[in-house]
Amino acid sequence: MSKSGTLDLASGVGGKINKAEVKSAVDEYEKYHGYYGGKEEARKSNYTDMVNKYYDLATSFYEYGWGESFHFAHRWNGESLRESIKRHEHFLALQLGLKPGMKVLDVGCGIGGPLREIARFSSTSVTGLNNNEYQITRGKELNRLAGVSGTCDFVKADFMKMPFDDNTFDAVYAIEATCHAPDPVGCYKEIYRVLKPGQCFAVYEWCITDHYDPNNATHKRIKDEIELGNGLPDIRSTRQCLQAVKDAGFDVVWDKDLAEDSPLPWYLPLDPSRFSLSSFRLTSVGRMITRTMVKTLEYVGLAPQGSERVSDFLEKAAEGLVEGGKKEIFTPMYFFLVRKPLSE
């Protein structure tokens, strides 16, 4: 069961950061980003610190709003957000051809919502790789509550330097996670190294599309908002990601931006023009209520100083994501399935 109350949310803000230091952590995090004048080079060279600060600050907000799976989904008419998220995960498992007994790696696993779902759906053993101690601690507790500790585990490590032997895993996937990598080729090469020959890697990537114009000030602002609110060093294009995975040595099986033919827009849960009882906390009204409660809890000392600012930059991210989706300059679900050759 995910955290459900505002007090749970407030108590989690800051993750492993000392509560007295949350405000200074927000200061440091914001300075990395273009929205506040930060440089891409600094975000890439300090990506470990930046991403860890981001997830320490934001994880409780994510779990409060989204549940245990922190990602968007291709969505059918009549399908709830929760149903679409599960199907999005099942689709990934089916594309990888997962079978009982296979050893699978989830790269950048968050608190493990997808790995628990995929492990149960496919009867596989799934290892979640994550470099954030707070998310791993939370994920282990959720594994225990779900009764999957025997088949699902976590390893704390940087996905640019994985602590696994070559040819360890039968399949690897990443869901909206490798967008945090400072160098996509380096990240994909590590995945290539730990995957067994002949086996597959599947991913949902956050990307800018061919509609993005780097000389358009509005497009640039939207990109900056998404990077700020989601802990990203840079948002790469679909073309760059596809070339990077080829440069890492993989053979491409197929690729597609799944947002292009989603019957319901992927950004619908965040769209301020819609209202939903089933995902109320994600609506503009729900987010306003959450923001007000967090402000109050910070004022009376139950939430650490800086909590409202975390809520603010996540709100800015939501605005950027919706605008980027409507203008079709951004997608959170550029999908590709690639295979490691049997012989190199």
### Task
Starting from the amide H of residue 75, placed 1.01 Å from N in the peptide plane, find each other amide H under 5 Å away whose residue is 5 or more places distant or on another chain.
264
### Query
So what is the relative contact order of the range 168-318, in percent, for Cα pairs below 8 Å that sit 6 or more residues apart?
22
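What number comes out for accessible area per residue over the chain if the probe is 1.4 Å? Units Å², please.
Details: 14210 Å² over 344 residues.
On a per-residue basis, the chain sits at 41 Å².
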### Query
For the range 185-191, in order, what is each residue's ³J(HN,Hα) by Karplus, 6.51 cos²θ - 1.76 cosθ + 1.60 with θ = phi - 60°, in whole Hz (x at glycine and Pro)?
4, x, 5, 5, 5, 5, 5
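If each residue of separation counts as 0.36 nm, what is the full-extension length gain between residue 45 and residue 289 once their alpha-carbon separation is subtracted? Display every interim value, and only then the final one.
Details: separation 244, 0.36 × 244 = 87.84 nm, distance 3.68 nm.
Result: 84.2 nm gained on full extension.
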### Task
In whole Hz, with x marking every Gly and Pro, tabulate ³J(HN,Hα) for the range 21-38 from phi via Karplus 6.51 cos²θ - 1.76 cosθ + 1.60, θ = phi - 60°.
10, 4, 4, 5, 5, 5, 4, 5, 4, 4, 5, 5, 9, x, 4, 10, x, x
### Query
Mind checking which of 264, 242, 195 has the largest fluctuation in a GNM of the chain, springs on alpha carbons under 10 Å?
264
### Summary
Scalar couplings 3J(HN,Hα) for the range 246-256 by Karplus 6.51 cos²θ - 1.76 cosθ + 1.60 (θ = phi - 60°), nearest whole Hz, x for Gly and Pro, are 5, 5, 6, x, 7, 9, 7, 7, 6, 8, 6
### Query
Based on the Cβ-Cβ distance from residue 8 to residue 193, what FRET efficiency comes out when R0 is 30 Å, to the nearest 0.05?
0.15
### Task
Collect residues whose amide H, placed 1.01 Å from N in the peptide plane, falls under 5 Å from the amide H of residue 154; neighbours closer than 5 in sequence don't count.
128
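Please tell me which of these pairs span more than 23 angstrom C-alpha to C-alpha: 86/316; 23/223; 53/295; 23/326; 39/327? Provide the component values of the computation, followed by the final result.
Values: 86/316 27 Å; 23/223 25 Å; 53/295 20 Å; 23/326 33 Å; 39/327 25 Å.
Beyond 23 Å: 86/316; 23/223; 23/326; 39/327.
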### Summary
Taking Cα atoms only, helix 81-96 is inclined relative to the longest principal axis of the chain by an angle, in degrees rounded to 10, of 20
### Task
With the full set of protein chains in place, find how many percent of the accessible area of the range 17-343 is carbon and sulfur; take the probe as 1.4 Å.
51
### Task
For the chain, with a Gaussian network of springs between Cα atoms less than 10 Å apart, report the residue from 107, 51, 252 with the top mean-square fluctuation.
252
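Quick check on the range 17-343: take the gyration tensor over C-alpha atoms, sort the square-rooted eigenvalues as a ≥ b ≥ c, and tell me if it's rounded (a/c under 1.5), prolate or oblate. All intermediate terms of the calculation are to be shown ahead of the outcome.
On the way: a/c = 1.40, a/b = 1.31, b/c = 1.07.
Rounded, because the longest to shortest axis ratio a/c is under 1.5.
The values are calculated or read from the model by the stated rules, or taken from the named source; none is laboratory data. Since the structure is predicted, the reported quantities are computational estimates derived from the model, not experimental observations. When we count neighbours, we look across all protein chains shown, and the Cβ atoms used for this are built from the backbone with ideal geometry, even at glycine. These accessible areas exclude ligands, DNA and RNA; they are computed on the full protein's heavy atoms, side chains included. Shrake-Rupley method; radii C 1.70, N 1.55, O 1.52, S 1.80 Å.
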